[in-house]
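**Q** Got a structure here, written out as structure tokens. Questions coming.
The values are calculated or read from the model by the stated rules, or taken from the named source; none is laboratory data. These numbers were taken from a predicted model, which means no experiment stands behind them. For neighbour counting, all protein chains shown are included, and Cβ atoms are generated from backbone atoms with ideal geometry for every residue, glycine included.
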Amino acid sequence: MALTGIQIFKLTPKTNCRDCGCPTCMAFSMKAAQGKAELSGCPHLTDEAREKLLGASAPPMASVKCSSPDAELMLGGETVLFRHDKTFVNETRYAVTIDTEMSDAEVDRILKSAAAVDYERIGERMYVEMIEVRDAGEDNLRGINAEGSNAGETDVPELSLRKGENADSSDPAILAVSSRRDRYLSLVRKAAATGRVLILTTKDPAAAQEAAEICAPGKPVLNAADGENYAVMAEIAKKYDLTLGVTGGNLNEIRSAIEETEKTGYKNLIISVPSHSLREAFAMTVLIRRAALLDGDRTFGYPTFVDAGALAGGDTYLESAVGALFTSKYGSVIAFRKMNYATALPLFGLRQNLFTDPQKPMTVKPGIYPLNGADENSICVVTVDFALTYFIVSGEIERSRVPCNLCITDAAGQSVLTAWASGKLSADSIASFVKNEVAPKIKCRRLAIPGKVTSLKGELMRKLPEWEILSSSNEAVGIVPFLKSL
Amino acid sequence: MPELKKQVFRGAIREVTFGPEGHRLSFGGEATYPFYSFDKVEPHRRIVGLEVLDTDPEFLEKCAGYDALEYVDFICLHLAGGDPNNENKSTEELLKLVENAAGRIKNKPIAVAGCDNTEKDAELLPACACALTGYGILLLSAKEENLEAFKKSAPEVILGAESSVDINLAKQLDVLAVQAGIPEDHIVINAGNAACGYGFEYLVSTMERIRAAALSQDDKMLQMPVVTLIGPDSWGTKEAQAGEEDMPGWGDRLERGRKMEIMSAVGVLAAGSDAVIVRDPVSAAAIFALETKLGADG
Ligand code: SF4
């Protein structure tokens, strides 16, 4: 959304006073349009003009930051709708939800299962980055699920979450609120202790404020303000520098809630997509992103939060489907009710794939990967650093259960044949890799090369005279019989 | 407040129909990106097939059982055992199996997928088309190398044109199929398969580019519906294969495989696939539930 020189010129005083160092306002404007001059160079711009210019040069979708004392996450900041246009910017983040209606045992089980998911995949740490702490009773009190979900039911607040001994000594409604708040804050403490970034879903300002204190110096997401409570929630968000979730029952309500919140001067926002219908939630998530990126609609230029757990209604398989859908289409943060390895493995794999550079293949780090308990006396199998090749070859080697040192050489992320054709995989490149990286660490002197580049065998035998060079199978499926025949 | 803009395209995906009389199944026909019914209503739900492998000891029982599942749109007989590197079953043996299976499938259309050996498929699949005359099957796995062999089956069946994961190769194969005299509405695109985490980004971007070309550039040779076979790649991943004793932290193997299959299927559906074929009924049920909720106000 860059402005042209002429558009900038129109907003200057056109006095050619030279205070900016340029001979004319026009010259300054041209430089500014090319990014060669800062707007602050002209001291005579009116505030209004400055705001206009800054607004126009801002990216179409805000990037917002949230954190725990241990970690920091960036959300949003996307510039395109499809990954083939340009690399997506900030990966979708995943949360697991705990709420005030769960038993302690259930909360502990969920947190434990989520914490167990922590592994590395192609150089990236995969773990559940966020925990949503949800004040479940609030939904009933305020009816934020709006339009339809509670249709026909009257909004009866849950009055007796914890029947205290002194229940008769004060107003039961007030007591219920304060006991629910205690319950909420105890969950926040538990969640904060995990070191993950929190999402505080509550409409109780007092609870929100205390929860923010618990999280400090971390900056959790405060979720969610709506058309009624935005002022007080924005104040808390501002005070603690939190990302504020803004919501409404439909796009109109969401828009006006964002506009009202922005008017308070706070723009560190995330749009919390309501969960009353999957069809609506999907439509809103897509339309919000599309309006921001395609139509330059600034009001919708914020990341989104989607509650896959609520949308799936408790079915873990449906939840996986919903999670994959919103990972594909425009969820910035997605909350799950069940997060275990079975969910995480494909989900993180999907995300990692979608957020790669469309121009560059995924690669694994060159080096020696011992498989099936291989040691320095185990055979070496060499292949390229293209991630897909690595996965397929390592998978087959694991299937064979034969101990092998999988040696990954730098081939610019190309597949075996492509790398061979482009010269990235040659007798020279293999020989120097083996001499410099492999030979000092491995005693075994047997080296298997991909069957597709058998033609390199003769040259390799000359270049690596101490090594026995073997030619493996053409296709990955042949690796198992090849290794077993050795 | 201004209404949000709708995205309207020049092009639309062709509608394709297969299956026997009384159980005809149509899919495709949409003029929007996947599930964007807020732009324009999609005429058909994206369909879900269930894969049965000929190598499965319960092959026939599963055919009969799957036939009764309401969340399954069609059944795909996957003749992987015909591969000389697999069980190398003869064409005659497989034909008999296919005929028996068809006898058990009374309520749903049938798709047949080959063994991924180009030569064997060239013999096997047209023979299946012949054997199942009247069933109006969807015949997957015609490739550039063996397209010739599929020509004579064309008027009777819907042909899946399978290319590598590449928009140009997909288009080239469609052009060749049309030049070979196969009617355009008897062709579906099979632009390759992948599982989440394993080169899945190529598949997604290829499908999204195919869909973009079909809709915004009105490219007639890319307006065929897309069909994707999910099962083999997903269930072949380490995530689905590794035993619980090998990866103690990973938990239930079946749950891992199902979720890999579900997410891979949803990933391609969101990128433009009009039909997915999965291997586990639980996966099919989850995808059906997702689509039902996306279609209705639920
Ligand atoms: S300082 Fe501002 S007003 Fe003066 S010449 Fe530069 S652009 Fe024009």
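**Q** Give the stretch A:318-349 a look and list any residue that's facing chain B (nearest Cβ under 7 Å), within 23 Å of residue A:111 (Cα to Cα) and in a helix (DSSP H, G or I), or say none.
**A** Start the filter on the stretch A:318-349 by keeping residues that are facing chain B (nearest Cβ under 7 Å), which leaves A:318, A:320-322, A:324-325, A:328-329, A:340-343, A:345-347, A:349.
Still in the list and also within 23 Å of residue A:111 (Cα to Cα): A:318, A:320-322, A:324, A:340-343, A:345-347, A:349.
Passing the criteria: A:318, A:320, A:321, A:322, A:324, A:341, A:342, A:343, A:345, A:346, A:347, A:349.
**Q** A further question on this structure: Would you mind stating whether residue B:263 is within 12 Å of another protein chain (Cβ to nearest Cβ) and among the aliphatic types (A, V, I, L, M)? Before you say what the answer is, go through the steps one by one.
**A** Values: within 12 Å of another protein chain (Cβ to nearest Cβ): yes; among the aliphatic types (A, V, I, L, M): yes.
Criteria met by residue B:263.
**Q** In the stretch B:110-153, how many are out of contact with any Pro (no Cβ under 7 Å at 6 or more places or on another chain), more than 29 Å from residue A:475 (Cα to Cα) and surrounded by fewer than 24 Cβ atoms within 10 Å (Cβ to Cβ)?
**A** So the count comes out to 6.
**Q** Of all the residues that make up the stretch A:305-327, how many are of a type in the set (S, T, N, Q) and surrounded by fewer than 24 Cβ atoms within 10 Å (Cβ to Cβ)?
**A** Here the count works out to 1.
**Q** State which residue is nearest to residue B:122 (Cα to Cα) when the search covers only the stretch B:77-101 and only residues that are polar (S, T, N, Q) and in a helix (DSSP H, G or I).
**A** Going residue by residue through the stretch B:77-101, those that are polar (S, T, N, Q) are B:85-86, B:88, B:90-91, B:100.
Then keep just the ones that are in a helix (DSSP H, G or I); that gives B:91, B:100.
On the way: B:91: 11, B:100: 21 Å.
In this case the residue turns out to be B:91.
**Q** Let me ask another. From the list A:138, A:120, A:101, which one is in contact with a helix residue (DSSP H, G or I) (Cβ under 6 Å, 6 or more places away or on another chain), modelled with pLDDT under 95 and more than 16 Å from the ligand (Cβ to nearest atom)? Before the answer, list the steps.
**A** On the way: A:138 fails: in contact with a helix residue (DSSP H, G or I) (Cβ under 6 Å, 6 or more places away or on another chain); A:120 fails: in contact with a helix residue (DSSP H, G or I) (Cβ under 6 Å, 6 or more places away or on another chain).
Being in contact with a helix residue (DSSP H, G or I) (Cβ under 6 Å, 6 or more places away or on another chain), modelled with pLDDT under 95 and more than 16 Å from the ligand (Cβ to nearest atom) holds for just one of A:138, A:120, A:101, which is A:101.
Residue-wise test of (1) under 27 Å from residue A:241 (Cβ atoms); (2) in contact with a Pro (Cβ under 8 Å, 6 or more places away or on another chain).
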position: A:260; (1), (2): yes, no
position: A:263; (1), (2): yes, no
position: A:268; (1), (2): yes, no
position: A:279; (1), (2): no, no
position: A:282; (1), (2): no, no
position: A:286; (1), (2): no, no
position: A:290; (1), (2): no, no
position: A:293; (1), (2): yes, yes
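**Q** Determine if the stretch B:65-76 includes at least one residue that is touching a Lys or Arg at 6+ places or on another chain (Cβ under 6 Å), buried (at least 19 other Cβ atoms within 10 Å of the Cβ) and not in a helix (DSSP H, G or I).
**A** yes
**Q** Is it the case that residue A:38 is under 30 Å from residue A:330 (Cβ atoms), without any contact (Cβ under 8 Å) to a residue 12 or more places away in the chain and more than 10 Å from the ligand (Cβ to nearest atom)?
**A** no
**Q** Another question, then. Whether any residue in the stretch B:220-229 is within 12 Å of chain A (Cβ to nearest Cβ) and charged (D, E, K, R) is what I want to check.
**A** Of all residues in the stretch B:220-229, those within 12 Å of chain A (Cβ to nearest Cβ) come to none.
For the stretch B:220-229, residues within 12 Å of chain A (Cβ to nearest Cβ) and charged (D, E, K, R): absent.
**Q** What residue, among those in the stretch A:41-60 that are under 34 Å from the mean Cα position of the chain (by Cα) and either more than 30 Å from residue A:81 (Cβ to Cβ) or not in a helix (DSSP H, G or I) (or both), is nearest to the ligand (Cβ to nearest atom)? Step through it out loud before you land on a result.
**A** Of the residues in the stretch A:41-60, the ones under 34 Å from the mean Cα position of the chain (by Cα) are A:50-60.
Narrowing the set further to residues that are either more than 30 Å from residue A:81 (Cβ to Cβ) or not in a helix (DSSP H, G or I) (or both) leaves A:50, A:58-60.
Details: A:50: 11, A:58: 21, A:59: 25, A:60: 27 Å.
Here the residue is A:50.
**Q** Given the criteria among the β-branched types (Val, Ile, Thr), more than 12 Å from chain B (Cβ to nearest Cβ), crowded, with 18+ Cβ neighbours inside 10 Å and farther than 29 Å from residue B:266 by Cα, does residue A:236 qualify? Lay out the reasoning, then the answer.
**A** On the way: among the β-branched types (Val, Ile, Thr): yes; more than 12 Å from chain B (Cβ to nearest Cβ): yes; crowded, with 18+ Cβ neighbours inside 10 Å: yes; farther than 29 Å from residue B:266 by Cα: yes.
It is true that residue A:236 is among the β-branched types (Val, Ile, Thr), more than 12 Å from chain B (Cβ to nearest Cβ), crowded, with 18+ Cβ neighbours inside 10 Å and farther than 29 Å from residue B:266 by Cα.
**Q** Here's something else I'd like to know. Residues being within 12 Å of chain A (Cβ to nearest Cβ) and in contact (Cβ under 8 Å) with a residue 40 or more places away in the chain: count how many of those fall in the stretch B:182-204. Lay out the reasoning, then the answer.
**A** Step one: filter the stretch B:182-204 for residues within 12 Å of chain A (Cβ to nearest Cβ), giving B:194-204.
If we keep only those that are in contact (Cβ under 8 Å) with a residue 40 or more places away in the chain too, we end up with B:194-197, B:200, B:203-204.
Within the stretch B:182-204, residues that are within 12 Å of chain A (Cβ to nearest Cβ) and in contact (Cβ under 8 Å) with a residue 40 or more places away in the chain number 7.
**Q** If you don't mind, another one. So, in the stretch A:393-414, of the ones that are part of a loop (DSSP other than H, G, I, E, B) and within 14 Å of residue A:366 (Cα to Cα), which residue ends up farthest from the other protein chains (Cβ to nearest Cβ)? Before you say what the answer is, go through the steps one by one.
**A** The first filter runs over the stretch A:393-414 and keeps only residues part of a loop (DSSP other than H, G, I, E, B), leaving A:401-403, A:410-414.
Now narrow it down to the ones that are within 14 Å of residue A:366 (Cα to Cα): A:410-414.
Numbers: A:410: 19, A:411: 16, A:412: 17, A:413: 12, A:414: 13 Å.
Selected residue: A:410.
**Q** Testing residue B:254 on (1) more than 22 Å from residue B:37 (Cβ to Cβ); (2) buried (at least 22 other Cβ atoms within 10 Å of the Cβ), one condition comes back false. Which one is that?
**A** Every listed condition holds for residue B:254 apart from (2).
**Q** In addition: If you take the residues of the stretch A:468-486 that are touching a helix residue (DSSP H, G or I) at 6+ places or on another chain (Cβ under 7 Å) and not in a helix (DSSP H, G or I), which of them is surrounded by the fewest Cβ atoms within 10 Å (Cβ to Cβ)?
**A** Among them, the one singled out is A:474.
**Q** Name the residue, out of A:390, A:369, that is hydroxyl-bearing (Ser, Thr, Tyr) and away from chain B (no Cβ under 13 Å). Write out each step before concluding.
**A** On the way: A:390 fails: away from chain B (no Cβ under 13 Å).
Sole residue among the options that is hydroxyl-bearing (Ser, Thr, Tyr) and away from chain B (no Cβ under 13 Å): A:369.
**Q** Residue check, residue A:278 against (1) touching a strand residue (DSSP E or B) at 6+ places or on another chain (Cβ under 9 Å); (2) surrounded by 24 or more Cβ atoms within 10 Å (Cβ to Cβ); (3) within 13 Å of another protein chain (Cβ to nearest Cβ), all met but one. Which one?
**A** Going through the list (1) touching a strand residue (DSSP E or B) at 6+ places or on another chain (Cβ under 9 Å); (2) surrounded by 24 or more Cβ atoms within 10 Å (Cβ to Cβ); (3) within 13 Å of another protein chain (Cβ to nearest Cβ), residue A:278 breaks only (1).
**Q** When you scan the stretch B:274-290, how many residues do you find that are more than 9 Å from every other protein chain (Cβ to nearest Cβ) and either among the β-branched types (Val, Ile, Thr) or part of a helix (DSSP H, G or I) (or both)? First the steps, then the outcome.
**A** Pass one, the stretch B:274-290, residues more than 9 Å from every other protein chain (Cβ to nearest Cβ): B:274-281, B:284, B:288.
Next, from what is left, pick out any that are either among the β-branched types (Val, Ile, Thr) or part of a helix (DSSP H, G or I) (or both): B:276-278, B:281, B:284, B:288.
Residues that pass the stated criteria total 6.
**Q** For the stretch A:380-388, does any single residue satisfy the condition of being of a type in the set (Gly, Ala, Ser) and part of a loop (DSSP other than H, G, I, E, B)?
**A** Checked the stretch A:380-388: no residue is of a type in the set (Gly, Ala, Ser) and part of a loop (DSSP other than H, G, I, E, B).
**Q** Against the definition (of a type in the set (S, T, N, Q), away from the ligand (no atom under 15 Å from the Cβ) and farther than 30 Å from residue A:212 by Cβ), how does residue A:79 come out, yes or no?
**A** Values: of a type in the set (S, T, N, Q): yes; away from the ligand (no atom under 15 Å from the Cβ): yes; farther than 30 Å from residue A:212 by Cβ: yes.
So residue A:79 passes the test.
**Q** I would also like to ask the following. Just to be sure, is residue B:271 within 20 Å of residue B:164 (Cα to Cα), buried (at least 24 other Cβ atoms within 10 Å of the Cβ) and facing chain A (nearest Cβ under 8 Å)? Before you say what the answer is, go through the steps one by one.
**A** On the way: within 20 Å of residue B:164 (Cα to Cα): yes; buried (at least 24 other Cβ atoms within 10 Å of the Cβ): yes; facing chain A (nearest Cβ under 8 Å): yes.
When the stated conditions are applied, residue B:271 passes them.
**Q** Could you tell me whether the stretch A:163-185 includes any residue that is away from chain B (no Cβ under 14 Å), polar (S, T, N, Q) and under 30 Å from residue A:117 (Cα atoms)?
**A** no
**Q** Another one. Given A:171, A:182, A:241, which one is surrounded by fewer than 19 Cβ atoms within 10 Å (Cβ to Cβ) and modelled with pLDDT under 90? Steps first, please.
**A** On the way: A:182 fails: modelled with pLDDT under 90; A:241 fails: modelled with pLDDT under 90.
None of the others qualify; the one that does is A:171.
**Q** Here's a follow-up. With the condition kept exactly as written, say whether any residue in the stretch A:453-467 is within 36 Å of the chain's Cα centre (by Cα) and not in a strand (DSSP E or B). Talk me through it step by step, then tell me what you get.
**A** Kept after step one, since they are within 36 Å of the chain's Cα centre (by Cα), are these residues of the stretch A:453-467: none.
No, there is no match, as no residue in the stretch A:453-467 is within 36 Å of the chain's Cα centre (by Cα) and not in a strand (DSSP E or B).
**Q** Somewhere in the stretch B:34-49, is a residue under 30 Å from residue A:251 (Cβ atoms), touching a residue at least 60 places away in the same chain (Cβ under 8 Å) and in contact with a Pro (Cβ under 8 Å, 6 or more places away or on another chain)?
**A** Yes: one or more hits.
**Q** How about the stretch A:11-35: which of its residues are within 11 Å of the ligand (Cβ to nearest atom), within 28 Å of residue A:301 (Cα to Cα) and either of a type in the set (D, E, K, R) or outside any helix (DSSP H, G or I) (or both)?
**A** Taking the stretch A:11-35 as the starting set, the residues that turn out to be within 11 Å of the ligand (Cβ to nearest atom) are A:11-32.
Retained after the next criterion (residues that are within 28 Å of residue A:301 (Cα to Cα)): A:11-12, A:29-32.
A:11, A:12, A:31 - these are the residues of the stretch A:11-35 that are within 11 Å of the ligand (Cβ to nearest atom), within 28 Å of residue A:301 (Cα to Cα) and either of a type in the set (D, E, K, R) or outside any helix (DSSP H, G or I) (or both).
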